[in-house]
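Okay, so here's the structure we're looking at.
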Amino acid sequence: MSRPHPELSAPGPLPAGGLRVIPLGGLGDVGRNMTVFEYDGRLLLVDCGVLFPEDHHPGVDLILPDFDHIRDRLDAVEALVLTHGHEDHIGATPYLLRERGDIPLVGSKLTLALLTSKLREHRLKETVQHVVTEGDTIELGPFRLEFVAVNHSIPDALAVAIRTGAGTVLHTGDFKMDQLPLDGRITDLRAFARLGTEGVDLFMVDSTNAEVPGFTTSEVEIGPVLDRVFHQSRDQRIIVACFASHVHRVQQVMDAAVAHGRKVAYVGRSMVRNMGVARELGYLTVPPDTLVDAKELADHPPERTVLISTGSQGEPLSALSRIAQRNHNFVHIEEGDTVVLASSLIPGNENAVYRVVNGLSRWGANVVHKGNALVHVSGHASAGELLYCYNIVRPGNVMPIHGEVRHLRANAALARRTGVPAERVVLAEDGVVVDLVDGVASVVGKVDCGYVFVDGSSVGDITESSLKDRRILGEEGFISVIVVVDSVTGKVSGGPEIHARGFLEDERTFEEIKPAIVEALDAAAREGVDDPYQLQQTIRRVVGRWVSSKHRRRPMIIPVVVEA
């Protein structure tokens, strides 16, 4: 089994007739999915999503794939293929289109409609769009694409078979094999089997649930649970939080609300936007007189309403987080309200979600979540389903995609168990370059591929170093030290003046360290040190040692030396 190594160097030229595959995101994280396919000098992109920040990304709004590797070759891009409409697959598209605004977009009706709405928010012009559905085949330069229906937690998801002179790649996108899907649209295993018979040279497979044994529970199992929650909460308001793109879950909540005589209101801009699109296109059925504007909730008794909200991942600015903090404009949590978190926990979001759960519980809400009731099932295939697919497709090579490293490795192990030779299972991470040449896939190098942080309107200006500074400021505080030195003698003539924030803010605490600072600077002056930067470093060392030994903290220390 091929493994990525940190010492991998930049890849050489792509051999004639070969296909190059470069993941720019999604391999190592659950999110930021993007893959580049190169053949005959042309590029095809599959997905362009975002990763949502975690606690160790203070001030960051979104994390994008790194476009640097393709930035100088954007004119060679034939199209961007979008497998489905989740943010971790389409969310970074507006930022890519800022680099080249006329990249053709390929996807299903719902996927492209959700993206078009997003592009309008970014004030971007619409580019050429190819609306496709299962069974469609289109040619884009040297790439011939065939689309296959797959079942996921959003309607209209597609797998894509990419045919080139180097062979056929089958990219599953996100999928599962729900045999009783709410919309009746199952994963087309007959198409998988047909493609396998024709020959799949590289099978790129969703890894998210590879560690989970058996088969993923069907969505229909959630309906009775929601009905029971509604029945038990008949005297109080109900708030259901889920992803703003989870049309199936919203439909189930809508149906339960109608059955129990409740009005429904959307809370959260993205929820309002996405459900409006889904309803307009016929993917969401809303009975007459069911939907009300959230601002009109005060006109209805709480026990006759249901709120469908964003914020199931504990996002700080989401509607549910603001409700939990009791600072939402028109939704106020009350004793006995029921809050349903109808989503799974994305790895890394656990702390944020539990903060929201605790906040809601503090006000007396009854919080129902996946840990205590079947209010959510995964949108990804579990190990039993993946084994089934490997046995149907019988691929020549396998490359696990979409997941953390542990998911990728678990998926690779499943492929080997079905008979795929170990040397034909390519375990890659973001930036690792894989070439398919003469029917063999192998790692040939690595390109630089980091995180690109979005902070407000700033894209790419935030670095890992500045994030480290932010974390220190947030967790350890900072100390500023201002000293005036004589420009002739170098001796201290004023100060030190010491201020702190987030740490020992009683400035009298620093009286004992001031003499040590003066002594160290005077000693430096005697040795002929007069460079302000070196003097600042002297201050930083003295204060840093004192804080560490006496208070066991590591605040940011900002020394300022003024010559007078």
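Data overview
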quantity	calculated
Ranked list, fewest to most other Cβ atoms within 10 Å of each Cβ, for Met204, Met399	Met204, Met399
Antiparallel bridges, percent of DSSP beta bridges restricted to the chain (to nearest 5)	50 percent
Likely footprinting exposure, Leu51, Leu8, Leu189, fewest C-beta neighbours within 10 Å first	Leu8, Leu189, Leu51
Other-chain or far-sequence residues with amide H under 5 Å of Val562's (modelled H)	Val483, Val484, Val485
Restraint check, Lys263/Lys295; Lys491/Lys514; Lys118/Lys446, Cα-Cα greater than 22 Å	Lys118/Lys446
Cβ-defined net charge surrounding Ser153, 10 Å radius [Lys, Arg +1; Asp, Glu -1]	-1
Karplus-derived 3J(HN,Hα), 6.51/-1.76/1.60, for each residue of region 177-185, Hz, glycine and proline x	10, 4, 8, 10, x, 5, 9, x, 9
Residues Cys48, Cys389 arranged by fewest to most Cβ contacts within 10 Å	Cys389, Cys48
Straight-distance crosslink candidates among aspartates and glutamates, where the alpha carbon sits under 16 Å from Lys550 and sequence neighbours closer than 8 are dropped	Glu476, Glu505, Asp506, Glu507, Glu511, Glu512
Cα gyration tensor, region 219-368 - rounded (a/c under 1.5), prolate or oblate	rounded
Rel. contact order, % - alpha carbon contacts under 8 angstrom, at least six apart, the chain	17 percent
Principal axis dimensions, region 261-321 - Cα atoms, whole angstrom, descending	33, 31, 16
Residue-wise HN-Hα coupling along region 518-523, computed from phi with Karplus coefficients 6.51, -1.76, 1.60 (Hz; x: Gly, Pro)	4, 4, 5, 5, 5, 5
3J(HN,Hα) from dihedral phi, region 325-340, Karplus parametrisation 6.51/-1.76/1.60, rounded to Hz, x for glycine, proline	8, 6, 10, 6, 4, 9, 10, 10, 5, 10, 3, x, 4, 10, 10, 10
Mean separation of Cα contacts under 8 Å (6+ apart) over length of region 219-368, as relative contact order %	29 percent
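None of the figures in this text is laboratory data; all of them are computed from the coordinates on show. Small disclaimer: the values here were computed from a predicted structure and weren't measured. Note that each Cβ is placed from the backbone with ideal geometry, even for glycine, and that neighbours are counted across all protein chains shown.
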